[in-house]
Amino acid sequence: MSIAKYQLSSIQALYGSTLGVDVDELTITAGGLHVLVGANGSGKSTLLGILAFLNRPSHGKMSFDGVPVNWEPKECTLLRRRVTLLHQNPYMFSGTVAANVSFGLMARGFSKESAQSVVKESLERVGLTGFESRKAKQLSGGESRRVALARALACKTDVLLLDEPMANVDRATADLLESLLASLAAGGMTIVMSSHDELLGAKLGAKVIHLEDGKLSRTPGPSPSSEFPHSTGRDNANS
């Protein structure tokens, strides 16, 4: 039986009188890949912010690893160390790529020497071998996303949340990200990513969560093609 990483019940997020998210019941199982699909304004980013413990819902209850979340500041600070949200345009600190990737490690008390090997391994996983001394502010958009992903991998986060990671990246970067995310999910990491692409869930064998006007528009479940092996995306180069 799959273990619930998140359990949401009667969750609502209000912006003034505007309802951003209105989810009756949603379970996100531990491990595996989940894709939030919906148009702009459907509530994907708002829901990701709730799952990242950054946006407190206006109403409803949420549990994480079976423990109810009370949304107290100290609790949220601890929970955020276990969850990483990667925005579509991630922030890069001034300085080198290595300094950016090691930021979380240094905050956790790693020595500079022990952090170096983790940084190297993390950059290799995102296809940026040898980028350690590059200036982070001079990277392309796709490279910045990969550095941000390497930063999350270096901290061995429990949950990885990604806001439109495939938007406006070249085919090679999309292929690499799709392959890496499928591999991480297969290894037991819980991954939730948003996308406009209705076909992406089938390509990655993900559980698809459809949002429309902040509500679940269909019962969350496996994509129609989820019984097939994870694809790297190369066989759907024109999607």
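Taking the range 203-235 as the search range and keeping residues that are out of contact with any helix residue (DSSP H, G or I) (no Cβ under 6 Å at 6 or more places or on another chain), closer than 11 Å to residue 35 by Cα and modelled with pLDDT under 85, which one is surrounded by the most Cβ atoms within 10 Å (Cβ to Cβ)?
Looking at the filtered set, the residue picked out is 220.
Return the total of residues in the range 115-145 being farther than 16 Å from residue 180 by Cβ and without any contact (Cβ under 8 Å) to a residue 12 or more places away in the chain.
The number of residues fulfilling the criteria is 4.
Can you tell me which residue within the range 133-153, out of those that are within 23 Å of the chain's Cα centre (by Cα) and in a loop (DSSP other than H, G, I, E, B), is nearest to residue 168 (Cα to Cα)?
Ranking the qualifying residues of the range 133-153, first place goes to 140.
If you check residue 102 against the conditions, is it in contact with a helix residue (DSSP H, G or I) (Cβ under 7 Å, 6 or more places away or on another chain), surrounded by fewer than 11 Cβ atoms within 10 Å (Cβ to Cβ) and within 30 Å of residue 167 (Cβ to Cβ)?
Taking the combined requirement at face value, the residue does not satisfy it.
Taking residue 164, is it acidic (Asp, Glu), touching a residue at least 24 places away in the same chain (Cβ under 8 Å) and part of a loop (DSSP other than H, G, I, E, B)?
Considered against the rule, which asks whether it is acidic (Asp, Glu), touching a residue at least 24 places away in the same chain (Cβ under 8 Å) and part of a loop (DSSP other than H, G, I, E, B), residue 164 comes out as yes.
Exactly one of (1) among the basic types (Lys, Arg); (2) more than 25 Å from residue 29 (Cα to Cα); (3) surrounded by fewer than 20 Cβ atoms within 10 Å (Cβ to Cβ); (4) out of contact with any helix residue (DSSP H, G or I) (no Cβ under 6 Å at 6 or more places or on another chain) is unmet by residue 134. Its number?
It fails just one condition, (4).
Please indicate, with yes or no, whether at least one residue in the range 77-87 is touching a residue at least 60 places away in the same chain (Cβ under 8 Å), among the charged types (D, E, K, R), closer than 30 Å to residue 27 by Cα and surrounded by 17 or more Cβ atoms within 10 Å (Cβ to Cβ).
Checking the range 77-87: not a single residue is touching a residue at least 60 places away in the same chain (Cβ under 8 Å), among the charged types (D, E, K, R), closer than 30 Å to residue 27 by Cα and surrounded by 17 or more Cβ atoms within 10 Å (Cβ to Cβ).
Give the residue that is surrounded by the fewest Cβ atoms within 10 Å (Cβ to Cβ), with candidates limited to residues of the range 1-35 that are in contact (Cβ under 8 Å) with a residue 60 or more places away in the chain and at positive phi.
Filtering the range 1-35 for residues that are in contact (Cβ under 8 Å) with a residue 60 or more places away in the chain and at positive phi, the one surrounded by the fewest Cβ atoms within 10 Å (Cβ to Cβ) comes out as 31.
In the range 105-131, which residue that is among the hydroxyl-bearing types (Ser, Thr, Tyr) and within 26 Å of residue 167 (Cβ to Cβ) is surrounded by the fewest Cβ atoms within 10 Å (Cβ to Cβ)?
129
Let me confirm something: among 190, 173, which residue is within 28 Å of residue 78 (Cβ to Cβ), touching a residue at least 12 places away in the same chain (Cβ under 8 Å) and of a type in the set (S, T, N, Q)?
Answer to the selection: 190.
Within the range 146-161, which residues are in contact (Cβ under 8 Å) with a residue 40 or more places away in the chain and more than 13 Å from residue 32 (Cα to Cα)?
147, 148, 149, 150, 151, 152, 154, 155, 157
How many of the residues in the range 187-202 are surrounded by fewer than 18 Cβ atoms within 10 Å (Cβ to Cβ), touching a Ser or Thr at 6+ places or on another chain (Cβ under 8 Å) and modelled with pLDDT of 90 or more?
0
State whether one or more residues within the range 167-186 are at pLDDT below 95, at positive phi and of a type outside the set (S, T, N, Q).
No, the range 167-186 has no match at all.
One residue is enough: does the range 187-195 have a residue meeting the conditions in a helix (DSSP H, G or I) and farther than 12 Å from residue 149 by Cβ?
No, that holds for no residue.
From the residues in the range 35-80 that are hydroxyl-bearing (Ser, Thr, Tyr) and closer than 15 Å to residue 19 by Cβ, which one is nearest to the chain's Cα centre (by Cα)?
In this case the residue turns out to be 45.
The values are calculated or read from the model by the stated rules, or taken from the named source; none is laboratory data. Everything quoted here is computed from the prediction, not taken from an experiment. In this analysis, Cβ positions are derived from the backbone assuming ideal geometry, glycine residues included, and neighbour counts consider all displayed protein chains.
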